[in-house]
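Notes follow once the structure below has been shown.
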Amino acid sequence: MAKKRQLTAAEIAAQNEAMEAAEIQQAFEQGTNTLRDLISPSAIEIHSDYFRLGNKYGRTMYVYGYPRMLYTGWLSPIINIDEVLDVSMYIYPVESAVVMKNLRTKVTQLEASMNVNMEKGKVRDPELEAAITDAEELRDQLQVGAEQFFRFGLYITLWADSLDEMKFVQQKIETILGQQMIFSKVANSQQEQGLNSITPQCTDQLQIRRNMNTGAISTSFPFTSADLTQDKGILYGVNMHNNGLVIFDRFSLENANMVVFAKSGAGKSFTVKLEALRSMMIGAEVVIIDPENEYQKLSDAVGGSYIRLSLNSDVRINPFDLPKVIDSEDANDALRANLVTLHGLFRLMLGGNQVSSGGQVVPALTAAEEADLDQALIDTYARAGITSDPLTHQSTPPTILNLYDTLLHMEGTGPQLAQRLRKYTTGTFAGIFSQQSNIDINNQMVVFNIRDLEDELRPVAMYIVLSHIWNIIRAEQKKRLLIVDEAWQLMQHEDSANFLFSLAKRARKYYLGLTTVTQDVEDFMSTKMGRAIVGNSSLQLLLKQNVSAVDVLSDVFKLTEEEKRRLSNFPVGQGLFFAGSNHVHIQVIASETEEGLITTNPAAKTKIPGQEG
């Protein structure tokens with residue numbers, strides 16, 4: 001048997017050196033890999049109508065046909081669909097001179113075809129006439145530089161975990177596009193080119209394009225994804241654009257005010273009650289003015305305070321109450337602010353400002369009466385020991401009875417004003433607002449019910465209740481929601497409308513979110529104060545509207561034609577939800593437990609959320 005020769009030291013050293021050189025060469029070659037080598041898949045499987053990357057299946061489609069007219073946002077349903085998609089758009093500018101030449105040729109051909117048809121006695125072809133009209137209009141726009149011309153390619157690659165799932169997604173895409181008369185096809189036998197066209201390399205290997213002018217191209221603006229989901233806040237509903245959740249904190253906006261517009265039965269009260277219930281879960285206090293007895297069930301369910309105002313009840317609210325404010329600036333201004341509020345209240349009590357047949361505003365009080373009333377109010381407070389000094393504001397406030405007595409013994413118009421106030425002191429409406437307050441708002445939910453008040457007294461009651469709530473809000477700042485249902489009743493009178501607007505303007509300073517709810521959109525928006533309240537509300541919810549109200553809201557909220565059309569046809573519980581500069585199509589959804597607490601309609605037994613006004 002042959003023996004192995006022992007390696008010499010020199011040979012061993014040479015062998016080690018060779019191995020080290022090989023390792024260095026290998027490391028060098030590994031370092032020369034490009035970024036493409038690192039991010040590329042290990043393999044790709046190409047078929048005629050799909051491709052496969054690892055465990056994912058993909059399919060590229062292209063759009064080849066468009067309707068005569070494209071509307072803004074037509075691509076939004078695709079962008080917002082809850083599927084994994086890659087969308088690629090290629091836009092190539094075309095020289096206007098080339099387009100003009102081609103259009104002249106095209107118009108000549110179209111007119112020749114129309115003349116031939118006329119000579120043969122064929123019936124008119126509307127499609128041919130429309131094509132000639134469109135071509136001529138485009139020529140005019142190009143000639144004056146108002147339009148430019150482009151070639152537009154749109155490709156969509158959809159991804160799925162299986163072929164069946166991919167087929168389902170494809171059907172969804174084709175249905176969404178087909179509803180808008182936009183036609184698409186799978187890039188058969190061109191899936192590799194389709195994949196290369198959809199990757200961010202700007203290589204249009206499919207080269208399937210369509211002529212479009214500036215207006216048509218602008219409608220395909222892709223950044224239309226409407227998402228109103230935050231890390232904190234409450235659930236308002238489901239985003240119908242992409243089936244995402246609308247979770248929002250209204251206090252994160254520049255102000256926390258909200259307006260809700262809807263016709264009767266569209267679900268506005270259901271939505272507002274749902275928001276109130278969910279806001280309580282995150283620590284907010286809720287105060288509600290309820291004109292129609294719709295919130296009692298909710299109040300009872302959460303252990304709230306339900307205050308029923310009527311001439312027969314024992315509840316008393318004194319409009320002369322002063323806020324027990326801690327802030328020195330507010331304390332110094334508390335008496336003056338309440339005097340201004342009382343001026344508006346007594347104008348409302350005495351009939352409010354009226355509009356004459358000639359359109360002129362006839363004030364409820366003359367200048368002399370205003371002056372005498374102002375002096376009487378100051379004197380009434382002074383007799384109770386209350387002056388502009390904040391230290392005196394803890395004294396027992398006067399009442400309307402004290403004001404009546406002051407006016408009765410004044411010179412000038414005082415006695416006349418006293419007689420006009422008599423029905424609130426010793427007359428029909430005596431008691432409810434002419435005695436010291438006996439209510440205490442010390443609960444997470446407080447509801448003021450004014451349904452049983454006479455129609456004439458209802459705006460006065462809403463004004464006084466709002467004033468009383470505002471005094472409490474100023475005294476202690478907490479996260480609060482103030483819900484004013486059927487707010488159009490306040491907008492009918494100038495002074496109460498001004499007061500509501502004042503609340504909307506100042507609410508943020510006191511950590512308050514004002515929610516204004518109304519079904520009488522036209523009356524609300526026809527007033528200057530109504531539009532101002534909307535302008536001072538960062539959140540707006542538009543549920544189903546009467547056809548007559550759609551144009552009014554469209555003008556204020558700058559709605560698109562599609563949104564205008566939907567606004568009068570929304571099912572119950574669906575609407576447009578505006579938050580700052582964003583808005584989405586929302587579906588308000590409640591759990592069974594929440595629905596049981598909120599709804600007051602027997603139709604709720606059918607499990608349709610929000611089936612009430």
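Any read-out appearing in this document is the output of simple, stated calculations on the displayed coordinates, not a laboratory observation. All values reported here derive from a predicted model rather than from experimental measurement. A quick note on method: Cβ atoms are made from the backbone with ideal geometry, for glycine too, and the neighbour counts reach across all protein chains shown.
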Under the rule of at least 5 residues apart or a separate chain, name every residue whose amide H is placed under 5 Å from the amide H of Phe149.
Val94
Listed here are the pairs Lys273/Lys423; Lys120/Lys185; Lys232/Lys268; Lys172/Lys297; Lys509/Lys558; Lys479/Lys544; which of them are more than 32 Å apart at the Cα?
Lys273/Lys423; Lys120/Lys185; Lys172/Lys297
Quick calc, Arg531 & Glu83: beta-carbon distance into FRET formula, R0 45 Å, rounding 0.05, result 0.65
Charge tally for neighbours of Ala367 with beta carbon under 14 Å away, counting Lys, Arg as +1 and Asp, Glu as -1, is -3
Inter-part gap, Cα centre of the range 239-277 to Cα centre of the range 521-553, in whole angstrom, is 15 Å
Cut-off under 5 Å, modelled amide H: who pairs with Asn257 long-range
Leu514, Ser538, Leu539
Based only on other Cβ atoms within 10 Å, what is the fewest-to-most ordering of Trp470, Trp488?
Trp488, Trp470
Potential lengthening between Ala301 and Asn498 on full extension [0.36 nm per residue; Cα-Cα distance subtracted]:
67.5 nm
Theoretical ellipticity at 222 nm over the chain - DSSP helices of four or more residues, -39500 (n - 2.57) apiece, nearest 500
-12500 deg cm²/dmol
Collect residues whose amide H, placed 1.01 Å from N in the peptide plane, falls under 5 Å from the amide H of Gly237; neighbours closer than 5 in sequence don't count.
Val246
Convert each backbone phi in the range 109-126 into a coupling constant with the Karplus relation 6.51 cos²θ - 1.76 cosθ + 1.60 (shift: θ = phi - 60°), then list the ³J(HN,Hα) values in order as whole Hz, x for Gly and Pro.
5, 5, 5, 5, 4, 5, 5, 4, 4, 5, 5, 7, x, 6, 5, 4, 10, x
Counting other beta carbons within 10 Å of each residue's own, what order do Leu309, Leu277 fall into, fewest first?
Leu277, Leu309
For the range 242-323, just say rounded, prolate or oblate: build the C-alpha gyration tensor, square-root its eigenvalues into a ≥ b ≥ c, call rounded for a/c under 1.5, and beyond that prolate if a/b exceeds b/c, oblate if not.
prolate
Note, the range 278-287: 3J(HN,Hα) by Karplus (6.51, -1.76, 1.60, θ = phi - 60°), whole Hz, Gly/Pro = x, goes 6, 5, 4, 5, 10, x, 7, 8, 10, 10
With a ≥ b ≥ c the root eigenvalues of the C-alpha gyration tensor of the range 79-141, is it rounded (a/c under 1.5), prolate (a/b larger than b/c) or oblate?
oblate
With an 8 Å Cα cut-off and a minimum separation of 6 or more residues, compute the relative contact order for the chain in percent.
18 percent
Could you compute the FRET efficiency for Ala112 and Leu163, with r as their C-beta to C-beta distance and R0 at 56 Å, rounded to 0.05?
0.65
Rounded, prolate or oblate: which fits the range 45-218 when a ≥ b ≥ c are the square roots of the eigenvalues of the alpha-carbon gyration tensor, with rounded for a/c under 1.5 and prolate only if a/b beats b/c?
prolate
The simple spin-label model distance between Ala371 and Leu339, using points 7 Å out along Cα→Cβ, in nm, is 1.5 nm
What is the packing order of peptides 80-87, 262-269, taking the mean over residues of other C-beta atoms within 10 Å and listing the highest first?
262-269, 80-87
3J(HN,Hα) from dihedral phi, the range 488-494, Karplus parametrisation 6.51/-1.76/1.60, rounded to Hz, x for glycine, proline:
4, 5, 6, 6, 6, 10, 4
Nearest-5 percent of antiparallel DSSP beta bridges in the chain?
65 percent
